[in-house]
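Report on one structure; see the data block that follows.
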Amino acid sequence: MVSYKRYELPPLPYSYDALEPVLSKDILTFHHDKHHLAYVNGANAAIEKLEKYLNGQESSLDVRAVSRDFEFNYGGHILHTLYWLNMAPTGKGGGSPGGQIADAINKNFGSFEKFKKVFGDAAKLVEGVGWAILALDPVTGDLKITQVEKHNSVITMNLVPLLACDVFEHAYYLQYKNDRGSYVDKWWDVVNWDDVEKRYQKALTLPKLIL
């Protein structure tokens, strides 16, 4: 019998009100407990459909639909998990990075302020809903900023995500209404640069993809 492991909703790494006033308790409760959980459940439901077909419990499988559902929901689960860890309670996050990630940002973008401008604009200008991502390209060793629409195609193949800003409306609408720009500008105050630094150091040790 074919059997796949199921995904689980990770707990928030801080209390629901820990990011106030940047993000309210209501937003984090709704965002984590409802939306993130829905992506976990959606990914597991897609896996279950595939299992049933492979084990002969279903006579047919809509591969396109199952693949689409899994990609969207799995992407939502992975990016939200990164998003929570990329933020730190008020007073413990924000500011500017240090360590190797700071050196890499300066090298690849000229300065931290220029990086903030490019990344911030990427987040504000995602068409519809999606994400802005800072990632390491292990082939070149450079940092890249990319946009992700919705959750599909989580990130360009082989790029290693380090920092993610969620610009789905459910990430900010209860507090900022339709003012995505204000949310992105405030979001910098809770960025967990220690987490980004750890991810960058680990990403540097990953093997390069052989093309």
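The values are calculated or read from the model by the stated rules, or taken from the named source; none is laboratory data. Since we're looking at a predicted model, the values are computed, not measured. Positions of Cβ are generated from backbone atoms using ideal geometry, with glycine treated the same way; all protein chains shown enter the neighbour counts. Surface areas here come from the heavy atoms of the whole protein model, side chains and all, with no ligands, DNA or RNA. Shrake-Rupley method; radii C 1.70, N 1.55, O 1.52, S 1.80 Å.
Structural remarks
- Residue list for the range 9-19, restricted to those being surrounded by fewer than 16 Cβ atoms within 10 Å (Cβ to Cβ) and under 16 Å from the mean Cα position of the chain (by Cα): PRO10, PRO11, PRO13
- Contact map, the range 1-29: residues that are under 21 Å from LEU79 (Cβ atoms) paired with residues that are of a type in the set (S, T, N, Q) and open to solvent by 70 Å² or more (accessible area, probe 1.4 Å), Cβ distance under 8 Å, separation 6+ or inter-chain. Pairs shown: ALA18/THR90; LEU19/THR90; VAL22/THR90.
- Put simply, of ALA122, ALA104 the only residue that is part of a helix (DSSP H, G or I) and free of Cβ contacts under 8 Å to residues at least 40 places away in the same chain is ALA122.
- Residue check for PRO161: on the phi < 0 side of the Ramachandran plot and part of a strand (DSSP E or B): yes
- Helices (runs of 4 or more DSSP H) wholly inside the range 166-211 containing at least 2 residues that are closer than 24 Å to PRO97 by Cβ and open to solvent by 80 Å² or more (accessible area, probe 1.4 Å): 180-187, 193-203
- Contact annotation: residue pairs with Cβ atoms under 6 Å, 6 or more positions apart or on different chains, pairing a residue in the range 38-51 that is at pLDDT 95 or above with a partner that is surrounded by 19 or more Cβ atoms within 10 Å (Cβ to Cβ) and part of a helix (DSSP H, G or I), are TYR39/ASN73; TYR39/GLY76; TYR39/HIS77; VAL40/HIS77; GLY42/ASN73; ALA43/ASN73; ALA43/TYR74; ALA43/HIS77.
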